[in-house]
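Worksheet: one structure, shown below.
The values are calculated or read from the model by the stated rules, or taken from the named source; none is laboratory data. For clarity, every value in this text was computed on a predicted model and none was experimentally measured. Here Cβ is always computed from backbone atoms with ideal geometry, including for glycine, and neighbour counts include all displayed protein chains. The area values use the complete protein model at the heavy-atom level, side chains included, leaving out ligands, DNA and RNA. Shrake-Rupley method; radii C 1.70, N 1.55, O 1.52, S 1.80 Å.
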There are 4 protein chains.
Amino acid sequence: MHVMVDLTVVPIGVGVSLSGYVAACEKVLTAARLTTRLHAYGTNVEGEWDEVFAAIKRCHEVLHEMGAPRIFTVVKVGTRTDKAQTLDDKVHSVESKLAGR
Amino acid sequence: MHVMVDLTVVPIGVGVSLSGYVAACEKVLTAARLTTRLHAYGTNVEGEWDEVFAAIKRCHEVLHEMGAPRIFTVVKVGTRTDKAQTLDDKVHSVESKLAGR
Amino acid sequence: MHVMVDLTVVPIGVGVSLSGYVAACEKVLTAARLTTRLHAYGTNVEGEWDEVFAAIKRCHEVLHEMGAPRIFTVVKVGTRTDKAQTLDDKVHSVESKLAGR
Amino acid sequence: MHVMVDLTVVPIGVGVSLSGYVAACEKVLTAARLTTRLHAYGTNVEGEWDEVFAAIKRCHEVLHEMGAPRIFTVVKVGTRTDKAQTLDDKVHSVESKLAGR
């Protein structure tokens, strides 16, 4: 099952600067060869369900190993059976509508 | 790795009444013998990471089989290494503070 | 416009124990006379749009005053024009389906 | 109070294709002169609290006027008192860490 997710990982108990932890999670996603798009509030990720969720679990493990005692993550998960769609398709679909096409 | 999640499943393309789909997902969680607490915006779920996420995947499969062409799910995921904590502990912790203890 | 929200407030940079901050936010919601239901991952809140969102803003202000330098909040927001519905109606609707009614 | 949000609007009861509704909401944000960044799972928005939340309310009103009987929205909200930060700063901060800086 193909899945598109949006992943926001918030380590708790490590102070206010979180970017080093977010970068570590990005490296996990990249190492898993998943398609990703970083944005200011998380990362869009696309792939097969089991691979995507194995990478999310790995992010939690890596951040705990880095010293985060507590992690709060928000994952939006989308699956559809009516058509194949990529992350870029989703953005283009909205942009077309904005352009009046 | 123990995990506490909050799961909100929104089937898309099946009209405005979603409770039958939410109930089907509840049955999946119960069949997986996970600890759950239903609320008006989703379900708190507690268990081992792999079992919890296998159940969430099963929810998507079951809802697609019921005819939902598209599913949008929001999952909040919490793990911590500093202490063991249950869903009820979390609620009691806030309630104690409210009671001034 | 009537709204039902689910509110999860995560103060960042104040250590791992967050319940005191969550309790302070609960007090803000109660002081605003909103209907609330606390659960392990947040609080369901029901009311008029402007009152609910004024209370959420007040939660951010109060938590910053308590010393939280950074706050990450997740709000799920539901509005509908097809029927009036309460938080309890939503739970009962799923429970009826589970009971086979 | 300055705020950075991530906004995902899901109209329910209007079929599977949601991009026209998402585009209508984008137009509302643009008309409000807010800084926005569209991604595959929502839109990052930056501005003053009251202006940002007035625009989110307007999105709900516009989508209901377009015929959506029910709307489910997820908003991530970030405020901080320790430093000023833009949407682009957040992305650059992670990218710097990825580049080993």
**Request:** Would you mind working out the magnitude of the charge dipole of chain A relative to its Cα centre, with +1 at each Lys and Arg C-beta and -1 at each Asp and Glu C-beta, to the nearest 20 Debye?
**Result:** 220 debye
**Prompt:** If one takes the longest principal axis of the Cα atoms in chain B, at what angle in degrees, from 0 to 90 and to the nearest 10, does the Cα axis of helix B:87-98 lie?
**Reply:** 50 degrees
**Fill in**
With +1 on the Cβ of every Lys and Arg and -1 on the Cβ of every Asp and Glu, the dipole magnitude of region A:44-101 about its Cα centre, in debye rounded to the nearest 20, is 320 debye
**Asked** Under the Karplus relation 6.51 cos²θ - 1.76 cosθ + 1.60, θ = phi - 60°, what is the ordered set of whole-Hz ³J(HN,Hα) values for region B:17-33, x standing for Gly and Pro?
**Response** 8, 10, 5, x, 6, 4, 5, 5, 5, 4, 5, 4, 5, 5, 4, 7, 6
**Electrostatic dipole magnitude of the protein assembly as shown [Cβ: Lys, Arg +1; Asp, Glu -1; Cα centre; debye, to 20]** = 0 debye
**Request:** Take chain A, connect every pair of alpha-carbon atoms lying under 10 Å apart with a spring to form a Gaussian network, then pick out the residue of A:90, A:57, A:27 with the largest mean-square fluctuation.
**Result:** A:90
**Request:** Enter the angle in degrees (range 0 to 90, nearest 10) between the Cα long axis of helix B:49-65 and the first principal axis of the Cα atoms of chain B, meaning the one along which they spread out most.
**Result:** 30 degrees
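Let a ≥ b ≥ c be the square roots of the eigenvalues of the Cα gyration tensor of region B:49-101; is it rounded (a/c under 1.5), or, if not, prolate (a/b larger than b/c) or oblate?
Note, shape of region B:49-101 comes out prolate.
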**Complete:** Interface A-D: total buried accessible area (1.4 Å probe, Å², nearest 100) of 2500 Å²
**Unit charges at the beta carbon, dipole of chain D: most positive-side option, D:100, D:79, D:40** = D:100
**Request:** Could you work out the relative contact order of chain B, using alpha carbon pairs under 8 angstrom and six or more residues apart, expressed as a whole percent?
**Result:** 42 percent
**Message:** Please list, in order along region A:68-73, the HN-Hα scalar couplings obtained from phi with the Karplus expression 6.51 cos²θ - 1.76 cosθ + 1.60 (θ = phi - 60°), rounded to whole Hz, x for Gly and Pro.
**Reply:** 6, x, 8, 10, 10, 10
**Request:** Ignoring everything but the protein chains, give the 1.4 Å probe accessible area of residue A:66 in square angstrom, nearest 10.
**Result:** 90 Å²
**Message:** Can you classify the protein assembly as shown as rounded, prolate or oblate using the Cα gyration tensor, where a ≥ b ≥ c are the square roots of its eigenvalues, rounded means a/c under 1.5, and otherwise it's prolate if a/b beats b/c and oblate if not?
**Reply:** rounded
**Asked** Among all the lysines, which ones have a C-alpha under 18 Å from residue D:90's C-alpha, if same-chain residues fewer than 8 places away are not counted?
**Response** A:27, D:76
**Item:** Mean projected area in nm² (Cα convex hull; one quarter of hull surface) for region C:1-72
**Value:** 4.3 nm²
**Prompt:** Ignoring ligands, DNA and RNA, what percent of the accessible area of chain B is carbon or sulfur (1.4 Å)?
**Reply:** 50 percent
**Asked** Which shape class, rounded, prolate or oblate, goes with region B:36-75 when its Cα gyration tensor gives a ≥ b ≥ c as root eigenvalues, a/c under 1.5 marks rounded, and past that a/b bigger than b/c marks prolate?
**Response** oblate
**Fill in**
From most to least accessible, 1.4 Å probe, no ligand or DNA/RNA atoms counted, D:41, B:21 line up as B:21, D:41
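If each DSSP helix of 4+ residues adds -39,500 (n - 2.57) and the sum is divided by the residues in the protein assembly as shown, what number results at 222 nm, nearest 500 deg cm²/dmol?
Per the formula, -13500 deg cm²/dmol.
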**Asked** If one computes the Cα centroid of region B:82-101 and of region A:35-101, what distance in Å separates the two points?
**Response** 31 Å
